[in-house]
1. Scanning for something open to solvent by 40 Å² or more (accessible area, probe 1.4 Å), closer than 23 Å to Ser71 by Cβ and part of a helix (DSSP H, G or I), does the stretch 294-305 turn up at least one residue?
2. It is to be established whether one or more residues within the stretch 257-268 are over 18 Å from Ser158 (Cα atoms) and not hydrophobic (A, V, I, L, M, F, W, C).
3. Go through the residues of the stretch 275-282 one by one and say whether even a single one is in a loop (DSSP other than H, G, I, E, B), basic (Lys, Arg) and out of contact with any Cys (no Cβ under 7 Å at 6 or more places or on another chain).
4. Of all residues in the stretch 135-161, how many are under 19 Å from Tyr83 (Cα atoms) and either open to solvent by less than 10 Å² (accessible area, probe 1.4 Å) or among the basic types (Lys, Arg) (or both)?
5. Can you tell me which residue among Asn220, Asn272 is open to solvent by 10 Å² or more (accessible area, probe 1.4 Å) and either under 17 Å from Ser139 (Cα atoms) or in contact with a strand residue (DSSP E or B) (Cβ under 6 Å, 6 or more places away or on another chain) (or both)?
6. Contact list please: Cβ distance under 9 Å, first residue in the stretch 220-243 and over 19 Å from Ala81 (Cα atoms) and hydroxyl-bearing (Ser, Thr, Tyr), second residue open to solvent by less than 30 Å² (accessible area, probe 1.4 Å) and assigned to a strand (DSSP E or B), pairs at least six apart or on different chains.
7. Go through the stretch 162-212 and give me each residue that's within 17 Å of Lys253 (Cβ to Cβ), out of contact with any helix residue (DSSP H, G or I) (no Cβ under 6 Å at 6 or more places or on another chain) and β-branched (Val, Ile, Thr).
8. Among the residues of the stretch 227-261, how many are buried (at least 21 other Cβ atoms within 10 Å of the Cβ), among the aliphatic types (A, V, I, L, M) and under 20 Å from Ala177 (Cβ atoms)?
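The values are calculated or read from the model by the stated rules, or taken from the named source; none is laboratory data. In this text the structure is predicted, and so the values were computed from the model without any measurement. No Cβ is skipped: glycine too gets one built from the backbone with ideal geometry, and neighbour counts run over all protein chains shown. Side chains included, ligands, DNA and RNA excluded: accessible areas come from the protein's heavy atoms. Shrake-Rupley method; radii C 1.70, N 1.55, O 1.52, S 1.80 Å.
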Amino acid sequence: MQRSKRISFFILVLALALLVVTAGCGGGKKKAKAAPKNTTTTTTTPSAGGTIPVQSTDKTIAAEVPAAVKSKGTLTVAADATYAPNEFIGSDGHTVMGMSPDLANALAQVMGIKVKVVNATFDGIIPGLQSGKYELGVSSFSDTKAREKVVDFVTYYSAGTAFYVKAQGGPAINTLADLCGHKVAVEKGTTQQDDATKQNAKCKSAGKAGVTVLTFPDQNGANLALSSGRGEVGMADSPVAAFIVKKSNGQFKLSGQVYGTAPYGIAIPKGNGMAKPILDALKKLMANGTYLKILDKWGIQQGAITAPVINGATS
């Protein structure tokens, strides 16, 4: 996703990230449930730059928060911080920044609770919610019917999947069907991985060369594979792919059309009573303009929604 503000800061952040891209950075980060993996650095996440107004506690909404949740004092929120501008590690090397932590903090303020955002591998977040390790997952999850079987979601954004390739010599990829015969770099546990894997089977059944699906623990690894030539095509959520391309200094370009637009959802342990207060808090942030300020801060206004719901999966 593009940034419209604090460009010099993000050049610094992405300079570091692109050192990883070159040495490396729907529905959405369309991430799926998978076996637990290790989590990494734990950190609190203040709003970057202080541009998001502090929210007053709404007593009515605060009263909706279950006592069992309030008693924990501080809720642990998991985010895979390799997905700028939605969630990423700041220039200090440990603070989780981006749209997701800003939204989580604003929601918590409205509900009268505290949150601590931790950096976690994506495919370990939903298992962590199920085990009680985390109270919330705010990490560009696409709300899907399969995931709704194990967690609840409150929708808050809309994104699709985009393809990106090397600007010089990259293949022309317009749709999933064009992936036949190509090496595709994706993050493990995402719907991009699922889509590329399914397309491999379709290519082979049609008598065409298959798709070589290269999976990596995070998006940085996928970007590195593309920049090094190991992979030919990258796939990520549309705002994230656009951000990767924008900050690649001309190394990458978008290819084809965005597909699979679907809602992002805040992931919540199934049936624990937090879905309604989060939904109501989000509606308040929308009504008072804070929601759009957060999206504007990170340059991702194009995915704004106006009618959040609980469990709004479209597929």
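1. no
2. no
3. Our first condition is that a residue be in a loop (DSSP other than H, G, I, E, B); within the stretch 275-282, this holds for none.
For the stretch 275-282, residues in a loop (DSSP other than H, G, I, E, B), basic (Lys, Arg) and out of contact with any Cys (no Cβ under 7 Å at 6 or more places or on another chain): absent.
4. Here is the first cut: in the stretch 135-161, the ones under 19 Å from Tyr83 (Cα atoms) are 136-143, 155-161.
Among the residues that remain, those that are also either open to solvent by less than 10 Å² (accessible area, probe 1.4 Å) or among the basic types (Lys, Arg) (or both) are: 137-143, 155-157, 159-161.
The total comes to 13.
5. Working: Asn272 fails: either under 17 Å from Ser139 (Cα atoms) or in contact with a strand residue (DSSP E or B) (Cβ under 6 Å, 6 or more places away or on another chain) (or both).
Residue meeting the stated conditions: Asn220.
6. Partner pairs satisfying both residue conditions: Ser227/Phe252.
7. Val165, Ile173, Thr175
8. 4
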